[in-house]
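What follows is one structure encoded as structure tokens, with my remarks underneath.
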Amino acid sequence: MRYLAFVLAVLSGLLTSAHAAERLKGEQIQRAFEGNTVTGRYTNGGFFTEFHAPDGRALGHNGWQPNTDACWITKRDQVCYYYGPPENRTVHCFTVEMSGDLYVLRNSGNGMVNALAKVELGNPRGHTDNGKPWYCDGLISRAPGPPMSRRLAQR
């Protein structure tokens, strides 16, 4: 029942503000997501909630399993997520459109809507690494300095 209410609310929001949808650039995505929790539903119905830590980690649940090694970065006009160790890592990149307080994530490869989400300020769901910290390595530098995702967004 909650899922149906969510879908109806999303569709209502899209219908009333479809003309107001704005495609975000990487810096805008960075400002919206960094230090906040992105929560929503995939078009297949699965639910996800991930805290976008400033150090590049994505803490929470990706819709299929709890995150144990997930990382996120922004690029020129998209956000990308990396799951798994370097030898079998999966990468998922999305363009992001904003309509009111609703975010529409589209697969960067084919433009299909992948998910609808909202941004919750901070980490209200208390997502953690459960005492098993990981580093965003390989594609994301471990070097100290500004948040890793911001450095990569400038490349």
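The values are calculated or read from the model by the stated rules, or taken from the named source; none is laboratory data. Quantities reported herein were computed from a predicted structural model and do not represent experimental measurements. Positions of Cβ are generated from backbone atoms using ideal geometry, with glycine treated the same way; all protein chains shown enter the neighbour counts.
Quick grid of which residues meet (1) in a loop (DSSP other than H, G, I, E, B); (2) touching a Cys at 6+ places or on another chain (Cβ under 6 Å); (3) small (Gly, Ala, Ser):
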residue	(1), (2), (3)
Gly40	no, no, yes
Asp55	yes, no, no
Gly63	yes, no, yes
Ile73	no, yes, no
Glu87	no, no, no
Leu105	no, no, no
Gly109	yes, no, yes
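None of Cys136, Cys93 is touching a Cys at 6+ places or on another chain (Cβ under 8 Å), assigned to a loop (DSSP other than H, G, I, E, B), hydrophobic (A, V, I, L, M, F, W, C) and at negative phi except Cys136. Among residues of region 29-38 being touching a residue at least 60 places away in the same chain (Cβ under 8 Å) and not in a loop (DSSP other than H, G, I, E, B), the one that is surrounded by the fewest Cβ atoms within 10 Å (Cβ to Cβ) is Ala32.
Starting from residues that are over 18 Å from His52 (Cβ atoms) and in contact (Cβ under 8 Å) with a residue 12 or more places away in the chain, keep the ones in region 113-142 and report whichever is farthest from the chain's Cα centre (by Cα). Restricting to residues being over 18 Å from His52 (Cβ atoms) and in contact (Cβ under 8 Å) with a residue 12 or more places away in the chain, the top hit is Lys132. Only one of the numbered conditions (1) in contact with a helix residue (DSSP H, G or I) (Cβ under 6 Å, 6 or more places away or on another chain); (2) modelled with pLDDT of 95 or more is not met by Ala153, and that is (2). With the requirement that a residue be on the phi > 0 side of the Ramachandran plot and surrounded by 14 or more Cβ atoms within 10 Å (Cβ to Cβ), what does region 61-90 give you? Once the filter is applied, which keeps residues that are on the phi > 0 side of the Ramachandran plot and surrounded by 14 or more Cβ atoms within 10 Å (Cβ to Cβ), region 61-90 yields only Gly63.
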